[in-house]
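Input: a single structure, listed below in structure tokens.
The values are calculated or read from the model by the stated rules, or taken from the named source; none is laboratory data. Note that the coordinates shown come from a computational prediction; the quantities given were computed from them, not determined experimentally. We place every Cβ from the backbone using ideal geometry, glycine too, and count neighbours over all the protein chains shown. Surface accessibility is based on the protein's heavy atoms, side chains included, excluding ligands, DNA and RNA. Shrake-Rupley method; radii C 1.70, N 1.55, O 1.52, S 1.80 Å.
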Amino acid sequence: KAETNDFSTEALGQYRAVAKISEAVGSPQFHRRLALQGFLEEINGQWVPTGFGLLLFGKEPRLQMQQAGLLGTIHFPGGREEPKNFDGPQVLAPAQALQWLRDKLPEPVDRTEARRRLVNDALFELAREGIVNAIVHRDYSIEGAKCQLIATADTIIVKSPGEPLAPITLKQLQTFTAPMLSRNPILHFIFSQMELAAERGL
């Protein structure tokens, strides 16, 4: 049975700081907040993390939810590959994955204006959106599939298991006319609280 010690204090601390929560991490009031949000439940007088609680804040969420996590692979020119798995708290995975890409991919500098600008800033912003959406909106009932981040010399591909959530169609997604609908609203809410996702379908 999972325990509150299975939560990452770093992930909870970041959540508390960014969401401007007054209660201290680990306090009864903080635990009550997590329970109201559906990330803890009280069983026989003890707080027990729920599945989504472990997914978001757990040190090792894949111990109980093997389909969790983000699998990264960079395919370098010449055939060399570098894999990296982001198996820890999923609220930390987007920043970790982006830092990994920044460390491994070339970063050209644009000096055409007075201020120095990193050319890949816009690219990494789009990659972050894709990674967050993959984690938030994937179908976690598909146990054999993982979210994936694949980078090549020409592309960054983000894969998220699951069909579009009914009544959304693939055509609506391709034409950017899909209505705002979240498969996992509890995840969407936390990523929004941590300023990693919008809840307005922008």
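Table: residues versus (1) surrounded by 14 or more Cβ atoms within 10 Å (Cβ to Cβ); (2) closer than 20 Å to LEU196 by Cα; (3) at pLDDT 95 or above.
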residue: ARG16; (1), (2), (3): yes, yes, yes
residue: LEU63; (1), (2), (3): no, no, no
residue: THR73; (1), (2), (3): yes, no, yes
residue: PRO89; (1), (2), (3): yes, yes, yes
residue: PRO106; (1), (2), (3): no, no, no
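Would you be able to tell me the number of residues in region 153-184 that are more than 22 Å from GLY72 (Cα to Cα), charged (D, E, K, R) and either open to solvent by 70 Å² or more (accessible area, probe 1.4 Å) or modelled with pLDDT under 80 (or both)? Even if it seems obvious, please write down each step before you answer.
As a first pass, look at region 153-184 and keep what is more than 22 Å from GLY72 (Cα to Cα): 164-184.
Pick out the ones that are also charged (D, E, K, R) and you get 171, 183.
Subsequent filtering for residues that are either open to solvent by 70 Å² or more (accessible area, probe 1.4 Å) or modelled with pLDDT under 80 (or both) retains 171.
Count: 1.
Within region 146-166, does at least one residue satisfy the condition of being in contact with a Cys (Cβ under 7 Å, 6 or more places away or on another chain), without any contact (Cβ under 8 Å) to a residue 40 or more places away in the chain and outside any helix (DSSP H, G or I)?
Yes, there is a match, as at least one residue in region 146-166 is in contact with a Cys (Cβ under 7 Å, 6 or more places away or on another chain), without any contact (Cβ under 8 Å) to a residue 40 or more places away in the chain and outside any helix (DSSP H, G or I).
Could you please find all residues in region 18-51 being open to solvent by 40 Å² or more (accessible area, probe 1.4 Å) and assigned to a strand (DSSP E or B)?
Within region 18-51, GLU41, GLU42, ILE43, GLN46, TRP47 meet the criteria.
Within region 2-14, how many residues turn out to be touching a strand residue (DSSP E or B) at 6+ places or on another chain (Cβ under 6 Å) and either in a helix (DSSP H, G or I) or surrounded by fewer than 17 Cβ atoms within 10 Å (Cβ to Cβ) (or both)?
2
Hey, can you tell me all the residues within region 108-144 that are at pLDDT 90 or above, assigned to a loop (DSSP other than H, G, I, E, B) and out of contact with any strand residue (DSSP E or B) (no Cβ under 7 Å at 6 or more places or on another chain)?
Of everything in region 108-144, those that are at pLDDT 90 or above, assigned to a loop (DSSP other than H, G, I, E, B) and out of contact with any strand residue (DSSP E or B) (no Cβ under 7 Å at 6 or more places or on another chain) turn out to be ASP139, TYR140, SER141, ILE142.
Which of the residues belonging to region 21-52 are within 20 Å of ILE131 (Cα to Cα) and touching a Leu at 6+ places or on another chain (Cβ under 6 Å)?
none
Whether any residue in region 42-60 is charged (D, E, K, R) and under 28 Å from ASN85 (Cβ atoms) is what I want to check. Please lay out each step first, then the result.
First, the residues of region 42-60 that are charged (D, E, K, R): 42, 59-60.
From what is left, the residues that are under 28 Å from ASN85 (Cβ atoms) are 59-60.
Looking for residues that are charged (D, E, K, R) and under 28 Å from ASN85 (Cβ atoms), one finds at least one in region 42-60, hence yes.
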